[in-house]
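Worksheet for the structure shown next.
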Amino acid sequence: MDAAEFRKRGKEMVDYVADYLEKIEKRQVFPDVEPGYLRPLIADCAPQDPESFEDVFKDIEKIIMPGVTHWHSPYFFAYFPAASSFPALLADMLCGGIGCVGFSWAASPACTELETVMLDWLGKMVNLPEEFLAGKDGQGGGVIQGSASEATLIALLAARTKTIRQVQSERPELTEAEIMGRLVAYASDQAHSSVERAALIGAVKMKNVPSDDTFTVCGSALKKVLDEDKAAGLIPFFFCATLGTTSCCSFDKLLELGPICNKENIWMHIDAAYAGSAFICPEFRHLLNGVEFADSFNFNPHKWLLVNFDCSAMWVKKRSDLIGAFKLEPLYLQHHHQESGLVTDYRHWQIPLGRRFRSLKLWFVLRMYGVKGLQEHIRKHIRLSHQFEHLILQDERFEICAEVVLGLVCFRLKGSNELNEALLKSINDAKKIHLVPCYLREKFVLRFAICSRTVESTHIKFAWEHISQLATDLLKTWGQNHQQQ
């Protein structure tokens, strides 16, 4: 394919993608395929001779689309949003076209410098304390990770290195292995599984701090666990606070937890993967109060801020804490500006060496939507979640299982877990909308997340009427079956 054909085919692909997104609600949200569906549809091995673009293009609908779950459908209410917008898609095209591998400033100065500035823009949008911003001569700064899971792992590994060095300076008789064996990381029992996975990769103990009746961790619960572990000779070094838990969007109490972590010299990382985008709205910024006590903070613009995956924004108060944990300087990666103090080499801030020009997506979206446009997108989703909550509250057969704060509604039929499992199965088997469940205090709960950029009130009404009718049908047969038993 030469440049001339690329121009032609590129326009065709843009038209295809635009049509796909414009007409996505006409597609069944969840596919009708079984595991292994794809292999029989394609050859056993790669072709020896080139195939035409037409041949490849026609197979998109034939082979790929039948197995796609349409995350951007207005009938997709599972997990959390996966952001998408036309400006971000165009920026991704430019990113792929430039094709730089931005592991250092010298590898592509614009890739590095735009990221530093965009993370300052974004940090100011959520009103982060000045210490988290790079500015012209700040000690903190932001970086784009691939996911919140990566951000948590990076924070934990940096905290581990910092703590080991500190303990060794105070107690030089202890070996690194002895210190590692005593380190303990903590998170809420409602925290995402990626926190536990970070501890697993980091080879440290992980303990869950019990949450209260609102699925929130408070200061007294953390202090109790810390006191017990310190008395047992363990070394608490890391706490991950969650703002907007995956199961029910609950918020740990930063204003209680932060001072304890600071006093105990424990690194506090804040995972606000989904909820963080809402903090650009002044009426929700109070949910971030206490961030001033944190050492690192992360949220995902690729969830709710119209920036396509992957774009996970992470800030640290002291970038030297990250660089100190990961810095290696082989000659082939060095450049003559690196000691100037004026440049950032992001390879020291992340797990992989290479990185894509992801800040282009932020730059396009922030400029073409503006803060006000993004605020309205967030507010619209939250209004729709309260619309769904109101519909549930009007039906005495159902109950709300957690406070509706942002764009997630947790609900269930009043009754057994088995009844609610059957309801969810009937919903997802019908394939008109898509939901996923969670457990809250041993209760099987249905999660209804407002996800699509194009979702409207009509889609919410349709979803509720569909759920309500399926519940009616289920309760009829459920009652008959149980009477027979």
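General observations
- Per-residue SASA remark: Met1, around 140 Å² accessible (1.4 Å probe; ligands, DNA and RNA not included).
- Dipole magnitude (debye, nearest 20) for segment 100-356, charges at Cβ of Lys, Arg, Asp, Glu: 240 debye
- Solvent exposure of segment 100-356, expressed per residue, is 40 Å² of accessible area, with all protein chains present and a 1.4 angstrom probe.
- Pair-distance distribution of segment 361-411: all C-alpha pairs, bin width 5 Å, starting at 0; shares per bin in whole percent are 4, 20, 21, 14, 13, 9, 9, 6, 3, 0.
- Note on Thr472 and Glu421: the model spin-label points, each 7 Å out from Cα along the C-beta direction, lie 2.7 nm apart.
- Whole-angstrom gap from segment 142-220 to segment 411-462, using each part's C-alpha centre: 33 Å
- Residues Arg285 and Glu178, FRET efficiency given R0 of 45 Å [Cβ-Cβ distance, rounded to 0.05]: 0.55
- Calculated FRET efficiency for the pair Glu399/Asn127, C-beta based, R₀ 41 Å, to 0.05: 0.70
- Each of Leu305, Cys248, Gly202 was scored by the projection of its Cα onto the charge dipole of segment 100-356, and the greatest displacement toward the positive side belongs to Gly202; charges sit on the C-beta of Lys, Arg, Asp and Glu.
- With R₀ set to 41 Å, the beta-carbon distance separating Ala232 from Thr161 gives a calculated FRET efficiency near 0.95.
- Computed from the alpha carbon atoms alone, the convex hull of segment 100-356 holds 127 Å³ per residue.
- As an equivalent ellipsoid, segment 235-332 spans semi-axes of 24, 21, 11 angstrom, where each value is the square root of five times an eigenvalue of the C-alpha gyration tensor, largest first.
- Using only side-chain charges placed at the Cβ, +1 for Lys and Arg and -1 for Asp and Glu, the dipole size of the chain relative to its Cα centre rounds to 560 debye.
- Rounded to the nearest 10 Å², the accessible area of Trp478 at probe 1.4 Å: 60 Å²
- Cα gyration tensor category, rounded, prolate or oblate, for segment 77-141 with a/c compared to 1.5: oblate
- Cβ-based charge dipole, segment 100-356, positive-most Cα from Val291, Ala275, Ala107: Ala107
- Cα-based radius of gyration of segment 96-226 once divided by 2.2 N^0.38 Å, which approximates compact folds: 1.32
- Amide H to amide H distances under 5 Å link Ala294 with no residue, where only residues 5 or more positions off or on other chains count and H is placed in the peptide plane.
- Here Lys476 is the anchor, and the lysines within straight C-alpha reach of less than 24 Å, apart from those fewer than 8 places off in the same chain, are Lys414, Lys425, Lys431, Lys432, Lys443, Lys461.
- Distance between modelled label sites at Gln168 and Glu61, nm, 7 Å Cα→Cβ extension: 6.2 nm
- Entry note, segment 389-481: relative contact order of 24 percent, from Cα contacts under 8 Å with a spacing of 6+ residues.
- Net charge dipole size for segment 45-90 [Lys, Arg +1 and Asp, Glu -1 on Cβ; Debye, nearest 20]: 340 debye
- Inter-label distance for Val14 and Val68, nm, one decimal - labels placed 7 Å from Cα along Cα-to-Cβ: 1.9 nm
- Carbon + sulfur, % of accessible area of the chain - ligands and nucleic acids excluded, 1.4 Å: 55 percent
- Here Thr116 sits with roughly 30 square angstrom of accessible surface, probe radius 1.4 Å.
- Remark on the chain: Rg and Dmax equal 24.5, 81 Å (Cα only).
- For Val101 and Leu41, the difference between the fully extended length at 0.36 nm per residue and the C-alpha to C-alpha distance is 18.2 nm.
- Of all DSSP-defined beta bridges confined to segment 100-356, some 35% are antiparallel rather than parallel.
- Under 16 Å of direct C-alpha separation, and excluding same-chain neighbours fewer than eight residues apart, Lys327 reaches these aspartates and glutamates: Glu339, Asp345.
- Order of exposure, largest accessible area first, which applies to Asp213, Asp395 with probe 1.4 Å: Asp213, Asp395
- Taking each DSSP H run with n ≥ 4 as -39500 (n - 2.57) and averaging over every residue of the chain yields -14000 deg cm²/dmol at 222 nm.
- Taking all protein chains together and a 1.4 Å probe, the residues Arg441, Arg397, Arg285, Arg197 rank Arg197, Arg441, Arg397, Arg285 from largest to smallest accessible area.
- The equivalent ellipsoid that matches the C-alpha gyration tensor of segment 167-276 spans semi-axes of 25, 15, 11 angstrom, in descending order.
The values are calculated or read from the model by the stated rules, or taken from the named source; none is laboratory data. Worth saying up front: this structure is predicted, and the values here are computed from it rather than measured. When we count neighbours, we look across all protein chains shown, and the Cβ atoms used for this are built from the backbone with ideal geometry, even at glycine. Only protein heavy atoms, including side chains, enter the accessible area calculation; ligands, DNA and RNA are left aside. Shrake-Rupley method; radii C 1.70, N 1.55, O 1.52, S 1.80 Å.
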